[in-house]
1. Given (1) farther than 19 Å from B:ASP32 by Cβ; (2) modelled with pLDDT of 90 or more; (3) assigned to a helix (DSSP H, G or I), identify the lone condition not met by B:GLU232.
2. Which of the residues spanning the stretch A:179-235 are modelled with pLDDT of 95 or more, under 28 Å from A:LEU72 (Cα atoms) and in contact with a Phe, Trp or Tyr (Cβ under 6 Å, 6 or more places away or on another chain)?
3. If you scan the stretch A:139-181, which residues turn out to be in contact (Cβ under 8 Å) with a residue 12 or more places away in the chain, surrounded by fewer than 20 Cβ atoms within 10 Å (Cβ to Cβ) and in a helix (DSSP H, G or I)?
4. Quick one: would you say B:GLY151 is among the small types (Gly, Ala, Ser) and not in a helix (DSSP H, G or I)?
5. Somewhere in the stretch B:107-130, is a residue more than 7 Å from chain A (Cβ to nearest Cβ), within 16 Å of the chain's Cα centre (by Cα), assigned to a helix (DSSP H, G or I) and closer than 22 Å to B:PRO174 by Cβ?
6. Does A:TYR243 satisfy the criteria of being of a type in the set (Ser, Thr, Tyr), assigned to a helix (DSSP H, G or I) and out of contact with any Gly (no Cβ under 9 Å at 6 or more places or on another chain)?
7. So, in the stretch B:131-150, of the ones that are touching a Phe, Trp or Tyr at 6+ places or on another chain (Cβ under 9 Å) and crowded, with 17+ Cβ neighbours inside 10 Å, which residue ends up nearest to the other protein chains (Cβ to nearest Cβ)?
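The values are calculated or read from the model by the stated rules, or taken from the named source; none is laboratory data. Keep in mind the model is a prediction, meaning the values are calculated, not measured. Because the Cβ atoms are built from the backbone with ideal geometry, glycine has one as well, and the counts that use them run over all protein chains shown.
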Amino acid sequence: MIIDWLIEPLRFDFMTRALLVTLVAGVTCALLSTWLVHIGWSLMGDAVSHAVLPGVAVSYLLGWPFAVGAFLFGVGAVALIGGVRATTKIKSDAAIGVVFTSLFALGLVIISATPSQTDLGHILFGNVLGVSDADIVQVVVIGAVASAILLLKRRDLTLLAFDRSHANAIGLNTRMLSALLLGLLALTVVVALQAVGIILVVAMLITPGATASLLTKRFDRMLALAVLVTVAASVVGVYASFYLDVSTGGAVVLSQALAFVLAYLFGARGGVVTLALRRRRAVAA
Amino acid sequence: MSETRMPAAAPAIEVRGLAVRYDEVVALDGVDLTLHPGRVTGLLGMNGSGKSTLFGALMGSVKPVAGSIRLFGGQPARARRENRVSYVPQSEAVDWDFPVSVADVVMMGRYGRQGFTRRVRSADRAAVEQALERVGLSEFAGRQIGELSGGQRKRVFVARGIAQEAGLMLLDEPFAGVDKGSERTIITLLRELAGEGCGILVSTHDLAGVPELCDEVVLLQKRVLFQGTPAEALAPERLALAFGLGVELP
């Protein structure tokens, strides 16, 4: 019975593709999010995801793979933000806000000015049920490469997040490491916007890391938990979208939010309910 | 004063005419400083006197506009790559909620000796264990760093420098927020390390501990006002100079 229920959606080719894309995008985002929330770059994730819109539009116009334009604009946004910050006295969040909204607006204008098959709704909210073979190849290859680099360099990235001055003191190139992480952020956004769209990418980039940080005090375990939570949420979300006939991206992100709420209430590291129970037990004893 | 005693070894730090500016603000202006291995030098000066900037310049995170820095007689970048420079950050500069254990932090001292992915070898594990034992924190190896007292937290970072086998240790305000007992432990430890040949530069506000800790004191106010023995440096008229009582500041 349950087996049938689980297998039924997978009979449909578009559902297996959706699940694959969501899982690959989710895992890549989950890994990255663990560093982003600890460095304090969550807002950068938001910025880069919005800033890729003109890149996607231009890619469709010129017939490029969507990833090329999206990546160029993602990296461009990071460079622009860094440039504004370095050459003015504008605060970091304002620099981020000015740059990404401008690029997002540019994307809207390009799309509205060009009669094309580009569906703005699909770019903004994802169209994981309609991904093409070419899209799937891009997502899987980019996702695998980004994940592999993140895992291979995980100790250096954690050092960068924790203690930049020590990284400098032992001669590591912290600018290169920051650039690497931001480049991977741009790549990951490119992957994830296929699954959930531009608006919800930021959820995939923040929620898993935030959830995992409520559950453990060890970074390596946090990475594993972020991935685990995301895989569970992806499966739940994709199935929910099939059986309840709701937006897939929305259902996946909502499942992640549910995991966060559970961790918030019952997490081992200061869950609200956990602490209350512990206090009660302490009083009783 | 020590030149006759150790002519052969290159100074751990040799700074000449160092100047650092942040936009229009002058942070350091013509700093000259020499620090020999095996000696503890105290760096005294009020807030904004450029102590942290000097540390930043030594570690390459702050770019000077003029002057030269040599570490162990060579290029600073090379000394850093060779793991000869270790740093104990100010407490405020550390995220104590960060998900790393005591042993994780000390292991970071070994990164420069490890390969591309920082795979841990048995020599690294042994160095971490020894360093933790040395600072008396072996039983806390698995603790998250925020679960330690102020003095223990400092000792974790000193242990990182020990595991790194660095010849130069820079400590930025190591006694802030540390109780007297822990301060004593840390002073003893730093004296031992100096005895083994490590050059140590400590910025501190804690004047009372200076005579016991330091062989030498540098008074800093954007430039070096004085370098000499603790007794000379702590003379009231010199302290007044460094801490700006009754003198015109630039």
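1. Failed condition: (1).
2. If the condition is that a residue be modelled with pLDDT of 95 or more, under 28 Å from A:LEU72 (Cα atoms) and in contact with a Phe, Trp or Tyr (Cβ under 6 Å, 6 or more places away or on another chain), then A:THR207 is the only one that fits.
3. A:VAL140, A:ALA144, A:VAL145, A:ILE149, A:LEU151, A:ARG154, A:THR174, A:LEU177, A:SER178, A:LEU180
4. When the stated conditions are applied, B:GLY151 does not pass them.
5. yes
6. Details: of a type in the set (Ser, Thr, Tyr): yes; assigned to a helix (DSSP H, G or I): yes; out of contact with any Gly (no Cβ under 9 Å at 6 or more places or on another chain): yes.
So A:TYR243 passes the test.
7. Among those that are touching a Phe, Trp or Tyr at 6+ places or on another chain (Cβ under 9 Å) and crowded, with 17+ Cβ neighbours inside 10 Å, it is B:GLN144.
The rows are residues; the columns are (1) closer than 26 Å to B:GLN152 by Cβ; (2) in contact with a helix residue (DSSP H, G or I) (Cβ under 7 Å, 6 or more places away or on another chain); (3) among the basic types (Lys, Arg); (4) surrounded by fewer than 23 Cβ atoms within 10 Å (Cβ to Cβ).
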residue	(1), (2), (3), (4)
B:VAL62	no, yes, no, yes
B:PHE72	no, yes, no, yes
B:TYR87	yes, yes, no, no
B:GLN90	yes, no, no, yes
B:PRO99	yes, yes, no, no
B:GLY109	yes, yes, no, no
B:GLY115	no, no, no, yes
B:ARG118	yes, yes, yes, yes
